Every structure is written in structure tokens, then in C-alpha cells.
Amino acid sequence: QVQLVESGGGLVQAGGSLRLSCAGSGSTFGIGRMAWYRLAPGKQRELVAEINTGGRTNYADSVKGRFTISKDSAKIAVYLQMNSLKPEDTAVYYCSVHIFAVDYWGQGIQVTVSS
């Protein structure tokens with residue numbers, strides 16, 4: 001069983017930056033896709049960014065050019081650097097890691113961007 005813990009969220013003014021981290025316990029064997037999602041009030045869950053085993057990344061149109069996903073292949077760790085934050089980025093952010101055909105999720109972390 002893999003447990004994922006997010007950190008780095010909080011309250012920031014529009015235009016500011018935050019760096020989310022997601023750390024997991026256990027072996028890195030079998031790790032596949034890693035991703036960040038977000039859930040805002042009244043909206044559906046949205047894929048924010050993903051990175052595959054080869055390092056290829058994909059971003060939601062709404063965050064392209066502002067957010068950067070990265071990972072540490074030596075451990076279960078994925079990061080989300082968020083720059084030029086906007087009030088519409090306010091949401092609970094979740095990391096997700098695919099290991100041996102199972103998707104593991106963190107508990108979520110709040111990001112609030114004030115205008």
C-alpha cells in the first residue's frame with residue numbers, strides 16, 4: 001500500500017507562486033504516470049498536469065506556461081511549480097501516482113489565490 005502526502009499549499013495573492021510536493025512511501029518499482037488534479041467548488045475534477053515515465057508532460061490549457069510538473073525518479077515524488085497564480089486556480093489539489101495498474105491518491109491540499 002502506497003501513501004501519498006501533499007504539501008506546499010496555502011494562501012497566496014494573485015500573481016504569486018507556490019510549489020506543491022507529493023511524497024510517497026515504498027519502492028519506486030512499477031511507477032508509471034504521475035499527475036496533479038484539482039477540484040474547485042461547483043466544478044468537476046480537472047487534470048492539471050501529468051508526467052509519464054519518460055518525462056513527457058501534458059498540461060491543461062488553463063495552466064500552460066504557468067505551471068510545471070516534475071518528478072524525482074529516485075523516489076516516489078512529484079512536484080507542481082505554480083507561477084502567476086490566478087484566483088481561478090483556487091482549488092483542492094490532489095496528486096496521483098500509477099503503480100502496477102493501481103492509481104494512488106493523496107488526501108488533497110488547499111490552494112487559495114486571493115485577488
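Structural remarks
- Simple spin-label estimate for F29 and K43 in nanometres, 7 Å along Cα-Cβ: 4.0 nm
- Which of Y93, Y59 is most accessible, then next, and so on - probe 1.4 Å: Y59, Y93
- For segment 1-28 versus segment 31-74, the gap between their alpha-carbon centres in whole angstrom: 12 Å
- Antiparallel %, DSSP beta bridges [both residues in the chain], to 5: 90 percent
- If the segment from V102 to S62 were pulled out straight at 0.36 nm per residue, it would be longer than the present Cα-Cα gap by 11.6 nm.
- Residues D89, D103, D72, ordered by accessible area of protein heavy atoms at a 1.4 angstrom probe radius and largest first, appear as D103, D72, D89.
- Choice from T53, T68, T90 showing the highest fluctuation, given a GNM over the chain with Cα pairs closer than 10 Å: T53
- Couplings 3J(HN,Hα) of segment 6-19, computed from phi: 8, 8, x, x, x, 9, 9, 7, 4, x, x, 10, 9, 10 Hz, in residue order, whole Hz [Karplus 6.51 cos²θ - 1.76 cosθ + 1.60, θ = phi - 60°; x for Gly and Pro].
- Formal net charge of residues neighbouring N52 (Cβ-Cβ distance under 12 Å; K, R +1; D, E -1): +2
- Accessible carbon and sulfur surface of the chain relative to its total accessible area, %, 1.4 Å: 50 percent
- Dmax and Rg, reported as Rg then Dmax, of segment 40-94 (C-alpha, Å): 12.0, 37
- For segment 1-53, the equivalent ellipsoid built from the Cα gyration tensor has semi-axes of 24, 15, 11 Å, listed from largest to smallest.
- Which of R56, R33, R66 is most accessible, then next, and so on - probe 1.4 Å: R56, R33, R66
- Summed over the residues of the chain and divided among them, the accessible surface reaches 53 Å² per residue at a probe radius of 1.4 Å.
The values are calculated or read from the model by the stated rules, or taken from the named source; none is laboratory data. Remember, it's a predicted structure, so these values are computed and weren't measured experimentally. Cβ atoms come from the backbone with ideal geometry, glycine included; neighbour counts cover every protein chain shown. Areas reflect the complete protein model, heavy atoms only, side chains present, ligands, DNA and RNA absent. Shrake-Rupley method; radii C 1.70, N 1.55, O 1.52, S 1.80 Å.
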